[in-house]
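Nothing in this text is a laboratory measurement; each read-out follows from the coordinates by a stated rule. Treat the numbers as computed from the prediction; the structure is a model and nothing was measured. Every residue, glycine among them, receives a Cβ derived from its backbone with ideal geometry; neighbour counts consider all protein chains shown.
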Amino acid sequence: MNANVRRIDDPVGITTARTMPATWYSSTEHHQHEIEAIWRGEWVCVGDVDESPAPGAWRSITVGGLPVLLVRDREGVLRAFLNVCRHRAAPLCEHGAEGGGAALSCPYHAWLYRLDGSLARAQGVGDPEGFDVADYSLKPVAIAVWRRWLWVHAHPNSAPPDFGPLANAVAAFPVEGMDVVLREADERAFNWKVLLENYSENYHTPFVHPEIDTSPTHDYPMVSDGLVLYAWDRPLHPGDDAGRVMASLLPGEPGWDALPAAATGKPYDVGSYLTVWPNLMLNVFPDAALAMWMEPLAPNRTLVHRRLYMRPGGRPDAVAANIAAHRLVHLQDVEICEAVQRSHDAGVDADGVLATFEERGVYWVHQHVLNASAS
């Protein structure tokens, strides 16, 4: 550890921590408990806001199995509702479908909803006792934007998400102005926590990603605060201004905001890595960013969305090199994560310990999972 940076103490409890049981990655019962407690009980990332509906349009998604409708009215206000008609629960549009127009019509009995979710007409309903169209708006879902990523919470009155000071440590990086150069979504054969754990540690890098092994020249400290785990590439012998910042400061301290202007010579250069609970994984570099967010489909199946961003005007060879590097790393991670999942599916408990420096992030993930499981 570099002596020029103040000591980052081990998290309380990590020295006695043990890995979680296999059933927490493979049991249908435990998976459903996590769906209720986490995916329907907390703020969840659902995508890049630039891919949200245009004015006068809508798109259906799922969040923890809940059918959700993203709707942007003609004035540009983005809202979210349960994609369920208030009459007899028909979806207003099928999963993944998009549409547009002045109103949404239920395909079952043609109840008509305005783009603000209010019921405009209940055609043919007759005269049910006490019925008032004002009482039958679509059920709202809370919605928020952090940087260029969209978040939803199943409970409509939830307080806005607070990602804290570590999220602010990347405020100066111009991710909103970067161009998308890679857009992928793939169903993978592992529990969502397996990928989150893998992303939140660098212990595996020399063995799984030998092409980007920097262990002789860098270490990989990590700090956490609330919903954010922040790790970064810290040079052991810094040779430039960016290196000295990363070697001597903690994320967000005065001087850290100089990093977005740093020069980079290769992919994964001057890197910051944020795990944002529960499902956003974010790499931030001066010239690029990578966002991954997950949607659990089953105990051992997860849909992984990936977006690679780069500053406009980048050289084609630099863009191609970044795409190739990030795709290679992801596929290597997928291979090892799917192998780990096969052990979980076989019901084999590792009964393992956690590396007290390298796996602080895994411990952070486990503490959030344990807290949610206790609810």
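Rounded to the nearest whole Hz, the Karplus-based 3J(HN,Hα) values (6.51 cos²θ - 1.76 cosθ + 1.60, θ = phi - 60°) of region 240-249 follow the sequence 8, 4, 4, x, 5, 4, 6, 7, 10, 10, with x at glycine and proline.
Rounded to 0.05, the FRET efficiency of the ILE323 and ALA171 pair, given R0 = 45 Å and the Cβ-Cβ distance, is 0.95. Evaluating 6.51 cos²θ - 1.76 cosθ + 1.60 at θ = phi - 60° for every residue in region 272-280, the Karplus couplings come out as 10, 9, 10, 9, 10, 4, x, 9, 9 Hz, glycine and proline recorded as x. Taking amide H atoms as placed 1.01 Å from N in the peptide plane, the amide H of LEU236 lies under 5 Å from those of HIS218, ASP219, each 5 or more residues away in sequence or on another chain. Unpaired cysteine residues in the chain (no second Cys Cβ under 4.7 Å): CYS45, CYS93, CYS337. Taken as Cα centroids, region 81-99 and region 351-375 sit 37 Å apart, rounded to the nearest whole angstrom. Between ARG121 and ASP269, the modelled labels are 6.1 nm apart [label points 7 Å from Cα along Cα→Cβ]. Sequence-ordered 3J(HN,Hα) estimates for region 253-263 from the Karplus curve with 6.51, -1.76 and 1.60 and θ = phi - 60° stand at 6, x, x, 5, 6, 7, 5, x, 8, 5, 7 Hz, glycine and proline given as x. Spin-label pair ALA258-ARG342: with each label point 7 Å from Cα along the Cα-Cβ axis, the two points sit 4.9 nm from one another. Gain on full extension, evaluated as 0.36 nm per residue between HIS87 and THR23 minus their Cα-Cα distance, stands at 19.1 nm.
The GluC sites (Glu not before Pro) of region 48-139 that DSSP puts in a loop, and whose beta carbon has at most 16 other beta carbons within 10 Å, are GLU75, GLU94, GLU129. In the chain, helices alone account for a calculated mean residue ellipticity at 222 nm of -6500 deg cm²/dmol, with every DSSP H run of four or more residues adding -39,500 (n - 2.57). Subtracting the Cα-Cα distance of ASP240 and ASN157 from their residue separation scaled by 0.36 nm leaves 25.1 nm. Which FRET efficiency, nearest 0.05, do ALA102 and LEU78 yield, Cβ-Cβ r, R0 22 Å? Approximately 0.80, to the nearest 0.05. The Cα-based radius of gyration of the chain, divided by its Kirkwood radius, gives an Rg/Rh of 1.01.
On a C-alpha basis, how far is the centre of region 282-309 from the centre of region 107-162 in Å? Whole number, if you could? The distance from the Cα centre of region 282-309 to that of region 107-162 comes to 29 Å.
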